[in-house]
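Here the structure comes first, spelled out in structure tokens, and everything after it is commentary.
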Amino acid sequence: MPYRLTFDRSKCVGCYACHTACLDAHHQAEDENAKSHRAIQRVTDEEKQFEKNICPGCIHCGACMRACPAGAVYQEEKTGLILVNQELCTGCRACESVCPMHVIHFDEAGKMEKCDGCIDRIREGRQPACAGVCCAGAITWEETK
Amino acid sequence: MGKKEVKKTFCGICGPCCPINAYVEDGRIVSVEGRKLNPAQGGGLCSKGAASKQYVYNKERVLYPMKRVGEKGSGEFERISWEEAYEIIAGKLLPIREKYGAKSTIFYTGYPKWYRPALLRFANAYGSPNYCTESSTCFQATNLAWQSIYGNHICFPDMMNAKTVMFWTSNLYHSNTPMSKMYQSFKKRGVKTIVVDPRNTATSCEADIHLRIAPGTDGALALGMANVIIQENLYDKEFVEKYVHGFEEYKAYVETFTPEKVSGITGETPEKIIEAARLYATNGPAGISFSACTIVHHINGVQNYRAVQILPALTGNYDIKGGNPTMAGVSSPCNEYGKVKRYNGEEAIGEKDFPVWFDLSCEEAQCTRLADYILNEEPYPLKAMVAFGFNHRMWPQPEHLQKAVKELDFFVNVELFLSDSSKMADLVLPACTSFERDEVKVLKGGRFALAQKAIEPLGESKNDIEIIMEMMKRMDIHDEVLDQGYENYMRYILEPSGLTLEELRENPDGLQGKVLIQPKERTYEEERFHTPSGKVEFYSETLAKYHDSYGYDGLPVYRDFRENSEIDREQYPLILSAGARKPHRFHARVYRIPWLSGLEKETLIEMHPDDAARFHLQEEEEAVVQTPAGEMEGIVHLTINNYPGVVHVYHGNKNGEANELISKDYLDPISGFPGYKSYFCNVRKKTEGGES
């Protein structure tokens, strides 16, 4: 696939910038209760006695696509991003448990919601909001050969 | 689809003012992205900057001039015209000035800071010595400590050329997130890092040495390091002999701070204290990175910081490349910032209480005791306040200040949001955000840029400086620079650089000034230090002058806040730290941004698990924090990052205000800064008598 979105939890400093940038990219200011595609997860380094809240996001690995019995999740050809066609989603939640990042949500109608990799931005030659905003280099967006 | 544009502007939410690309469609911001203007910036943003859209289009924005119609504090206002607002201001202020004198009007500025020189000009032209800022409780004490030693403005470390950097109580990744790549480069470049911090943080975990000390013991640690450096002959004897005043007295004093004794005070091991002292003194050039206010939020804050800030001079790291240089790289001259002097022909508020604040002038009055000054008419009646971004939550016991402000005859607050502080005002005037105006930005490396107006101001909001200019016009008071209008004001700022406003307009990424000043090292070889002795004052003559009258010491004497005999430690066994950095907070202002406030529960009472166990408290349990000053309800959050025995609560939250817990009289006697980061408290379950 032509692009790769990665997340390095050791580099993440827990600043929440990606969590917020995701909201900025997908929602109007008025959408106060909007949900970010990035999660918040507490991780502990026992040796250093240090805890931080990291924000894992979709790495477009395709696990949800492979698990979906309804064919609602597919890979977009040009970018390689894993997207959902909500019309086909039956709400069976088979995707939820296989997601290695635990970042799959369901909307009020029970349809699967996931990160779209900011595909509109990619088509404009920009990068996903989370990768662009990350100052620590924990989220990267790279072209793969 | 409407017209899409990318506007090159700057964030204005906190101090660093990072460059931003605003994507604008049909005159509305659709999204924001970070922008890279210098190699140290990674081009990203922090969470606050990323939430800019919700800051600009916030439902609490004040959009029109508002006149209070209900009781003070009721929040009942009615919309009026700008004309009427200016008429009210002139109609109220001029008679007050006539009757009580200009000094009875306080000119105050909170955040943002960009218009400050213009407001100071306004105060001067009006004739009041009482120009004050939020720095009465924030940064200035840090600079004051430095000035008492070196006589100049604080010198920040040259991180690009240092071989060792010592970070004294700052969590860089959360306080200036867009610089993260630069911090990460230390490891690659082989730079050694020492972090002093009671908490375990993303920054401390990367350090070669983390000195984890009890809050407020920084002075003892610095004296202990000096003890090692002098004992082991690692100090710069030539510099000390030639340029230091009071070395013998200092040396005799630090002799008593052996690593063992300092270990007992700070809780860090003697071995690590020795190791850090050796690394800093021998692996030079070494710079110290100072946090804005952490150290000075202790009642021995100024003296603690003096002990820390002496270390560059002791080790020969003052004013050298890679140390703490006076000139960090090339610069270009400009007008305004740091150049407007405060009118000091009359006594200002705070002058009797904190004389050193005025001797080591920072060109502002000291309003830390503002509530008492208003209520007690001290040193004279205070009747009016012209404020920009006045936020009572910056003070200890903010509700006490709210009550005092209520007593003013006239109070106008220029604000972005209809804050609780604004509800005490007679008039609230709508300011616009950085996205809604043009502004000349003075950047590092002698560079300048024009922050482009990305969108038209919302409602009838206006740029703060234009509001200042209009107020002055209506009162017929004049200043030669402000009388020329805002465009010319921007030209005036730029003038010494040799650049024109037109050139900046044509180059949205900014330009380097045509007039450049090349950095020099060891400037003291040509120019004496601007201190009473003309030397670096390890023994401060400015402070010693007040020894008999105020009890100040010339030496950086360590006094332990825990020896405070007035407080019953059995009743208040824990230490309270209010306002330690969080990546998504900045004082009170961003609680109103739902995308940020939703990131954690409010208000968190952060405790070490061992302390929570001791007091039978559990994660997410409702609890009450109590101090000698008051009580606050919140939610317990356990974290092993905390220093055991220390409870952290972030301030500025109307639903649980940590600053309400800090006594208004718990102040550093030199600076007047509240001991926000080391007070005394207990924590109990919300329902009394409950057993866990």
Exercise for the section: For the range B:1-157, just the Cα atoms, rotate onto the principal axes and tell me the three extents in Å, largest first. Expected result: 56, 53, 27
Handout entry: Order of B:M225, B:M160 under a 10 Å beta carbon neighbour criterion, fewest first
Key = B:M160, B:M225
Practice task
Along Cα→Cβ, 7 Å out, is where each label goes; now give me the distance between the ones at B:L63 and B:E25 in nm to one decimal.
Solution key: 2.1
Exercise for the section: Mind checking the full-extension length gain between B:V481 and B:K654? Use 0.36 nm per residue of separation minus the Cα-Cα distance, one decimal, nm. Expected result: 58.3 nm
Problem - Cα centroid separation - the range B:487-514 against the range B:401-455, whole Å - result: 24
Practice task
Using only the alpha carbons, work out the radius of gyration and Dmax of the range A:28-137 in angstrom.
Solution key: 15.5, 47
Problem - Gap separating the Cα centres of the range A:1-50 and the range B:105-119, nearest whole Å - result: 36
Exercise for the section: Could I have the simple spin-label model distance between A:E96 and A:E142, label points 7 Å from Cα toward Cβ, reported in nm to one decimal? Expected result: 3.4
Handout entry: Dimensions in Å of the range B:535-692 - Rg and Dmax from alpha carbons
Key = 18.2, 62
Fill in the blank from the handout: Sorted largest first, the C-alpha extents of the range B:288-426 along its principal axes in whole angstrom are 54, 35, 33
Practice task
Would you mind pulling out the separation of the Cα centroids of the range B:18-67 and the range B:625-692, in Å?
Solution key: 33
Practice task
Quick one: of B:K462/B:K514; B:K72/B:K341; B:K8/B:K339; B:K92/B:K423; B:K441/B:K514; B:K352/B:K383, which pairs are farther than 25 Å apart, Cα to Cα?
Solution key: B:K462/B:K514; B:K72/B:K341; B:K8/B:K339
Exercise for the section: Pull up the cross-link candidates among the lysines for B:K242, meaning alpha carbon to alpha carbon under 26 Å and not fewer than 8 places away within one chain. Expected result: B:K163, B:K251, B:K321, B:K520, B:K535, B:K545
Completion exercise
At R0 = 60 Å the Cβ-Cβ FRET efficiency linking B:E631 and B:K242, nearest 0.05, sits at 0.60
Completion exercise
Computed, not fitted: 222 nm per-residue ellipticity of chain A from DSSP H runs ≥ 4 (each -39500 (n - 2.57)), nearest 500, equal to -4500 deg cm²/dmol
Problem - Full-stretch length increase - B:E525, B:K339 - with 0.36 nm per residue and alpha-carbon distance subtracted - result: 64.5 nm
Exercise for the section: Over the alpha-carbon set of the protein assembly as shown, divide Rg by the Kirkwood Rh and report the Rg/Rh ratio to two decimals. Expected result: 0.96
Practice task
Mind checking which lysines have their Cα closer than 22 Å to the Cα of B:K685? Skip sequence neighbours fewer than 8 apart in that chain.
Solution key: B:K601, B:K654
Practice task
Pick out which of A:C64, A:C89, A:C22 has the largest mean-square fluctuation in a Gaussian network model of chain A, springs linking Cα atoms closer than 10 Å.
Solution key: A:C89
Practice task
Give me B:L511, B:L144 ranked fewest to most by other Cβ atoms within 10 Å of their Cβ, as a rough exposure proxy.
Solution key: B:L511, B:L144
Problem - Charge sum, other residues only, whose C-beta stays under 12 Å from B:V240's C-beta, Lys/Arg counted +1 and Asp/Glu -1 - result: 0
Handout entry: With eigenvalues of the C-alpha gyration tensor scaled by 5 and rooted, the range B:221-368, Å
Key = 32, 21, 15
Practice task
Kindly write out, for the range B:411-426 in residue order, the coupling ³J(HN,Hα) from the Karplus curve 6.51 cos²θ - 1.76 cosθ + 1.60 (θ = phi - 60°), rounded to whole Hz, with x marking Gly and Pro.
Solution key: 9, 10, 10, 8, 8, 7, 10, 7, 6, 4, 4, 5, 5, 8, 7, 7
Fill in the blank from the handout: Rh_Kirkwood(chain B) over Cα pairs, Å, one decimal, evaluates to 26.3
Practice task
Just grab the label-to-label distance for B:E506 and B:I567, each label 7 Å out from Cα along the Cβ direction, in nm (one decimal).
Solution key: 6.1
Fill in the blank from the handout: Summing -39500 (n - 2.57) over every DSSP H run of at least 4 residues in chain B and dividing by its residue count gives a helix-only mean residue ellipticity at 222 nm, to the nearest 500 deg cm²/dmol, of -7500 deg cm²/dmol
Completion exercise
Given Cβ charges of +1 for Lys and Arg and -1 for Asp and Glu, the option among B:T500, B:H530, B:P519 whose Cα lies farthest towards the positive end of the dipole of the range B:456-546 is B:H530
Fill in the blank from the handout: Given 4 °C, 1.567 mPa s and a Kirkwood radius over Cα pairs, the Stokes-Einstein diffusion coefficient of the range A:70-135 in µm²/s is 99
Problem - Cα-based Rg / Dmax (Å) for the range B:294-352 - result: 16.8, 42
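Here, each number is a calculation from the coordinates, and none is a lab measurement. Here the structure is a predicted model, which means the values were calculated and not measured. A quick note on method: Cβ atoms are made from the backbone with ideal geometry, for glycine too, and the neighbour counts reach across all protein chains shown.
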